[in-house]
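The values are calculated or read from the model by the stated rules, or taken from the named source; none is laboratory data. Predicted model only: the values in this text are computed from it and were never measured. Using ideal geometry, Cβ is built from the backbone for each residue, glycine included, and neighbour counts are taken over all protein chains shown.
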Amino acid sequence: MKIRDIKTTLLSLPLQNPIADSTHTLNSIDWILVDVYREDGLVGCSHMVTFDYGRELLRGIVDYELRDVVIGMDPSLIANVWQACANRVEYIGQTGVAAWGIAAIDIALWDLLGKSLNCPVFQLLGARQEQVPIYGSGGWLTYSIDQLLAEMNSYVTQGFTAVKMKVGSRDTLRDVDRVQAVRKAIGPKVQLMVDANQAWTPCQAIEFSRKVRECDILWFEEPIQKDDHDGYRTLSTAMDIPVAAGEREYSLQAFRDLLERRALPIVQPDVLRVGGISRCLKLAHLAEVFNARVASHFYKEIDIHWMAAVSNGLFLEYFPWLDPLLIHPLEVKNGMARVPGRPGLGIELKPEAIQEYRIL
Ligand SMILES: [Mg+2]
């Protein structure tokens, strides 16, 4: 059985008010759906989130570069398709936009394989557990203190036992105040993480970490620029708070360098940037050799499958944005998300939501 076609669909959900972290302002949540069709009509599905950045490029790499490569290939030979796509883009570069396209196809093929075998993907990958810890993410820098506390408290009310907020303001003292306010509001039992989105210098990060020492921070995410591996090494020895990073990395070699330097106790792959479910598994195994933990970035419905199949998974990240489009949003109870038992990835979008938000 061969791949007959690939189709992409662009959805856009406007935000009532733009939100921002230290590096980006987001005006809408845009999704690109990537559907891979087998000859018999069975479809494997994946999706990318682009906000309002580069959506035509991301869609175009699938439609204009990779589609012709994979049509006619056997979809059950996932590694084979992955390599053919990687070979195709070697000249223009296998990272950046190209990596997103390869990953989207890889994810859709895992979904297709699961559906064809009537088996959830996490079981195909060698399941270890049926639930994965999950934390509520947000706490945007554009929020007033009242909005920030309301969002963090609402996660706790919904049953989350861990939450993450943005830091990385120009004035580090503003963030110290906000972190202290959140810790006070959520109490001592809820775990709290902070994310600076690469905003600070190592000195600023160390200063901040000292000022929030009493706030019991579980991890400090992307405190400094992602390529400053020496800086990450410095921070991992100078700060009491464990450092986490990796959502902007494309290559396993970059992770290996950070791990070899003992610069990163928590690695955070983005499944679209790192090359799909196949590559996330490899990265988790690589990190395990260095006694590092893995916390996935953003794509909870996809990540839950490979995270449930590795022994060093720490947390899934929860944003609510896809939930209104889903027939079965992830079930979260007492800080744990249950892996769907439906065939494939178990992600089913409401047809009426696709109609409502479709722009291309
Ligand atoms: Mg982050």
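Things to note:
- When the residues of the stretch 221-246 are filtered to those that are surrounded by fewer than 22 Cβ atoms within 10 Å (Cβ to Cβ) and acidic (Asp, Glu), the one that is nearest to the chain's Cα centre (by Cα) is ASP227.
- Residue satisfying all of: in the stretch 247-268; among the charged types (D, E, K, R) and within 16 Å of the chain's Cα centre (by Cα); farthest from the ligand (Cβ to nearest atom) among these: GLU249
- Here LEU218 passes the criteria (1) more than 18 Å from ARG248 (Cβ to Cβ); (2) within 16 Å of the ligand (Cβ to nearest atom); (3) touching an Asp or Glu at 6+ places or on another chain (Cβ under 8 Å) except the one numbered (3).
- With respect to (1) under 30 Å from VAL194 (Cα atoms); (2) touching a strand residue (DSSP E or B) at 6+ places or on another chain (Cβ under 9 Å); (3) among the polar types (S, T, N, Q); (4) touching a residue at least 60 places away in the same chain (Cβ under 8 Å), the lone exception for THR23 is condition (2).
- Residue pairs whose Cβ atoms lie under 6 Å apart, separated by 6 or more positions or on different chains, with the first residue in the stretch 179-199 and modelled with pLDDT of 95 or more and the second more than 11 Å from the ligand (Cβ to nearest atom) and of a type in the set (Gly, Ala, Ser), are GLN191/ALA162.
- Residue in the stretch 271-285 that is more than 16 Å from the ligand (Cβ to nearest atom), assigned by TED's automatic domain parsing to the domain that holds LEU316 and farther than 30 Å from ASN87 by Cβ present: no
- Pair list, Cβ under 9 Å, 6 or more apart: the stretch 316-332 residue in contact (Cβ under 8 Å) with a residue 24 or more places away in the chain and farther than 18 Å from GLU130 by Cβ, other residue within 15 Å of the ligand (Cβ to nearest atom) and assigned to a helix (DSSP H, G or I): GLU317/LYS300; GLU317/ASP303; PHE319/LYS300; LEU322/LYS300
- The criterion of at least 2 residues that are of a type in the set (Val, Ile, Thr) is met, among helices (runs of 4 or more DSSP H) falling completely within the stretch 58-141, by 67-70, 78-88, 97-117.
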